[in-house]
Amino acid sequence: MPDTLKAVDRRTLVVCMAAVWLLWGSVYLAIRLVVDEVDPFQAMAQRYVVAGLLLAGIAVALRGWRVLRVTRAELGGLLATGVLLLGLGNGFQALAQVEGLPSGVAALIVATVPAWAVLIRLLTGDRPPVLTLCGVAIGFAGLAALVGLGQHTGEALPLLGAAFCLGASISWTVGSFLQGRLRLPRDVVTVAAYQQLVAAGTSTTLALVTREHFSTNYSARGWMAMAWLVLACSVAAYLAFAWLLSNVSLSLTATHAYVNPVVAVLLGWVVLSEQVGPGVLVGGGAVVGAVVLIISSERRAAANARVPETVAPG
């Protein structure tokens, strides 16, 4: 996809970029507000069953019922990626916040996904560019600083929460890696719909296994946060992401990977008064800088090799 934007409606571009940057950046705050009132796995199940049905309806409205037909191979790919990306990825991230991990810090830990992805490539025999490997080193140093500095500066992080969030990042990374290699439907809205419905089933199973108490006893703030998660973060932001994938370069679309955690930290600080001390500033800054370096290095390598760019899902 060319980097030029001449053929693209600039107003639509601005709206879609803002949606992906801001809405996916707000997902961590919204999850925190929801899990403050309802157990995490069943809250995610509620989110995904409604969002999945809405996206399925949108896919049918745009392209007819046939768009929902999938082959056995495609169904297998949807099951694997739905469980790893959303069921476990976002499920463990919600659980991390229940354990007391600040929403902004959760976003910064999740931002290490590109670094984990490079490690998977190394394990499969790939040889990323040197700058990409430098980015990985910086990212993991930032992660260590994020967790370690806080133990000495009065902003100690809950280690169990950080561990759950790290597990969420690894699950998301494996799911992203498989998404590029498994057979999936061509229509991205259909893929999103099925993945969210699979995630709803996964989250429900985890809620039953952990004996969560089913509840929809939200306060007004909780209902607003859940509605935001469904309509803004799961539906509107993903439709904007799908439009960007089809109309502009992946290198431009990939900017959400380092804008989202910055938005999340600012929202956590403004809305929840989460502490932004040396650990978050130094460690978080290193993580965001590493993501910028990895994405820009991979973009240049893709351009030089004349191969398609890749971008991690949001």
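The values are calculated or read from the model by the stated rules, or taken from the named source; none is laboratory data. If you're wondering where the values come from, they're calculated on a predicted model, not measured in any experiment. Glycine also receives a Cβ, built like all others from the backbone with ideal geometry; neighbour counts cover every protein chain displayed.
Below are the figures for this structure:
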read-out: Contacts under 9 angstrom Cβ, first residue in segment 1-18 being acidic (Asp, Glu) and modelled with pLDDT under 50, partner in a helix (DSSP H, G or I) and surrounded by 11 or more Cβ atoms within 10 Å (Cβ to Cβ), 6 or more apart; value: Asp3/Ser251; Asp3/Leu252
read-out: Unique match (being surrounded by fewer than 22 Cβ atoms within 10 Å (Cβ to Cβ), assigned to a loop (DSSP other than H, G, I, E, B) and out of contact with any Pro (no Cβ under 7 Å at 6 or more places or on another chain)) among Gly125, Gly57; value: Gly125
read-out: Given (1) surrounded by 22 or more Cβ atoms within 10 Å (Cβ to Cβ); (2) at pLDDT below 85; (3) more than 26 Å from Gly148 (Cα to Cα); (4) not aromatic (Phe, Trp, Tyr), number of the condition Ala303 does not satisfy; value: (1)
read-out: Yes/no for Ile138 being among the aliphatic types (A, V, I, L, M), out of contact with any strand residue (DSSP E or B) (no Cβ under 7 Å at 6 or more places or on another chain) and over 17 Å from Ala96 (Cβ atoms); value: yes
read-out: Members of segment 179-188 that are more than 14 Å from Leu75 (Cβ to Cβ) and either among the hydrophobic types (A, V, I, L, M, F, W, C) or assigned to a helix (DSSP H, G or I) (or both); value: Gln179, Val188
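So that you can scan it fast, the table gives a plain yes or no per residue for (1) β-branched (Val, Ile, Thr); (2) part of a helix (DSSP H, G or I):
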position	(1), (2)
Val15	yes, yes
Met44	no, yes
Tyr48	no, yes
Val70	yes, no
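Results for (1) touching a His at 6+ places or on another chain (Cβ under 8 Å); (2) under 23 Å from Asn90 (Cα atoms); (3) part of a loop (DSSP other than H, G, I, E, B); (4) at pLDDT 90 or above, shown as yes or no for each residue.
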| residue | (1), (2), (3), (4) |
| --- | --- |
| Leu131 | no, no, no, yes |
| Cys134 | no, no, no, yes |
| Ala141 | no, no, no, yes |
| Ser176 | no, yes, no, no |
| Thr190 | no, yes, no, yes |
